[in-house]
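For reference, the structure is listed below as C-alpha cells.
The values are calculated or read from the model by the stated rules, or taken from the named source; none is laboratory data. Remember, predicted model here, so these are calculated numbers, not experimental data. Positions of Cβ are backbone-derived with ideal geometry, glycine not excepted, and every protein chain shown enters the neighbour counts.
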C-alpha cells in the first residue's frame, strides 16, 4: 500500500501530514504529487471530496521549503485562485495545517470582508496567497499587491475558474505573472470548451485523471422524485422530517428562493440557515459553523456553496431545483460522501426540468433511479429554456467582466439568476450554477484523448 513517505515528501512535511491525521494518500494525491514535485505543469481531474487540495498543496509547500527565499513586499511566491470565499478559506485552512513548524506564511484575500486588513497583511508579502480573482484585482489596482514574483500558479476548481465568467480577470492576472512558472489546474469536471481554453495557461502539462470527468462520487446513492413545482417544498419538508438528526444540504436555484425555503422549513418546526451571495461573509461563516457543530442541521444554499463547503458529516444533499449546468450537479452532490463516507443525493424534478435531468444523466453516464412519481413524456412540458450561454446570468458580479456584461445583457430576470450588475469583489455568486458572460453552454468533457494535447500520466 502506498503511503506519503513513498511520494518524495521530506521528513519535515511528513510530520505535518501525520499530525493532520493523513495516513494513506488518495488516488489523485498518489498520481499528482510526484509530477508536481518534478516541476511539471499538471491538470488533475478527480471527483469532489477526494483530496485535491493536498494533491497540489503538499508538493507546492515542499518546493517552497526547498528554496527558502522571502517574498518581496506586496508580493507572493505562490498564487492559488479559487472561485468562492468558502473555497478560499477551506484551502487556506488545509495549507496552514501543512506549514506548521515552518517559516512559510499563508494569506487569504477575498471579497465580502474589509480590504484594509488585507492590504496591511500584503504589505510585508507572503509565501502562499489564496485568493478570489475580483478582490485580487482590487488590490492590484490599489498598488497593494504585485505578482511579478509568482513562481507557482494554481487554479482550483479549474472549470469554474476558467469558465467565461472569470476569463477577463484571469487573462489580466496572467499578464502580470512571469511566464516562467509552474501552473497546476485541478477540478472535478472539465467541459470541452474549458479544456481547450486551458491550453493557454499550461506548458506541456501532464494530465492526471483518476475518474472520468463528470463522474459522481462512488458512495453517493442518488434518486429523483417527480413532482410538480408547487409540491416540491412539501415533499422536501417530508423528507427532512423523516431524518431530523441528519446533516442536510438543500440547493435552491436563486438566493431569494433559498430564503423562502428556509422560512417554509422553519414554519414546519425545523431549524435551517441559508447561504448565498446576499449574505455577508460573517453570516456565511456562522451558517457553516452552526452546521458543522450540529446546532443547525439544515443548510439551504445556492451554488455559491457547491465549491467550498467541506463538512464530512453531511449525509444528504437535496436538489430542490435542478441546476441549469449539469456539471454543477456533480459539485452539489459532492458535498456528501466525502473522505470515504456514504451519502444520499435526492433530486426533485418538475415537468419542465426533465430536460435538465436528462442532461445530468448524459454527463454522469448514470440513469438516476426514480423514488416516486412518474417522468413526464419527453418534450410534452418542454417550455422554452433560457439560452445556455452565460450572458449576465448569475448576478453580473465576478472578477473583472461582471459589471460590463451584467449591465449590457443581464437585466432581464429568468430562472437562472437575478441578472443584476455589480462590482468586482463579490466572487462566488454563481446563482443557478452559472457565472457571468460567455458564449454558450459547456459541453461534456471529450474522452479518449481526441482533443487533449497533454501527456497522459500513468495511473497510480
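Total residues in region 256-280 satisfying the condition of being in a helix (DSSP H, G or I) and surrounded by fewer than 23 Cβ atoms within 10 Å (Cβ to Cβ): the figure is 9. (1) closer than 25 Å to residue 103 by Cα; (2) in contact with a strand residue (DSSP E or B) (Cβ under 7 Å, 6 or more places away or on another chain): which one isn't true of residue 66, the others all being true? Answer for residue 66: the failing condition is (2). Evaluated against (1) without any contact (Cβ under 8 Å) to a residue 60 or more places away in the chain; (2) not in a strand (DSSP E or B), residue 239 falls short on exactly one condition, (1).
One residue stands out among those in region 3-17 that are out of contact with any helix residue (DSSP H, G or I) (no Cβ under 7 Å at 6 or more places or on another chain) and free of Cβ contacts under 8 Å to residues at least 12 places away in the same chain: the one that is surrounded by the fewest Cβ atoms within 10 Å (Cβ to Cβ), which is 11.
Note on region 18-60: among residues that are surrounded by fewer than 20 Cβ atoms within 10 Å (Cβ to Cβ) and part of a helix (DSSP H, G or I), the one that is nearest to the chain's Cα centre (by Cα) is 27. The set of residues in region 107-128 that are surrounded by fewer than 23 Cβ atoms within 10 Å (Cβ to Cβ) and in contact with a helix residue (DSSP H, G or I) (Cβ under 6 Å, 6 or more places away or on another chain) comprises 107, 112, 113. Return yes or no: is residue 269 over 22 Å from residue 342 (Cα atoms), out of contact with any helix residue (DSSP H, G or I) (no Cβ under 6 Å at 6 or more places or on another chain) and touching a residue at least 60 places away in the same chain (Cβ under 8 Å)? Against the criterion (over 22 Å from residue 342 (Cα atoms), out of contact with any helix residue (DSSP H, G or I) (no Cβ under 6 Å at 6 or more places or on another chain) and touching a residue at least 60 places away in the same chain (Cβ under 8 Å)), residue 269 does not qualify. Of the candidates 81, 147, the single residue that is buried (at least 21 other Cβ atoms within 10 Å of the Cβ), at pLDDT 90 or above and in contact with a helix residue (DSSP H, G or I) (Cβ under 8 Å, 6 or more places away or on another chain) is 81. Only one of the numbered conditions (1) over 18 Å from residue 41 (Cα atoms); (2) modelled with pLDDT of 85 or more is violated by residue 192, and that is (2). Residue count for region 242-251 satisfying the condition of being farther than 7 Å from residue 300 by Cα and touching a strand residue (DSSP E or B) at 6+ places or on another chain (Cβ under 6 Å): 3.
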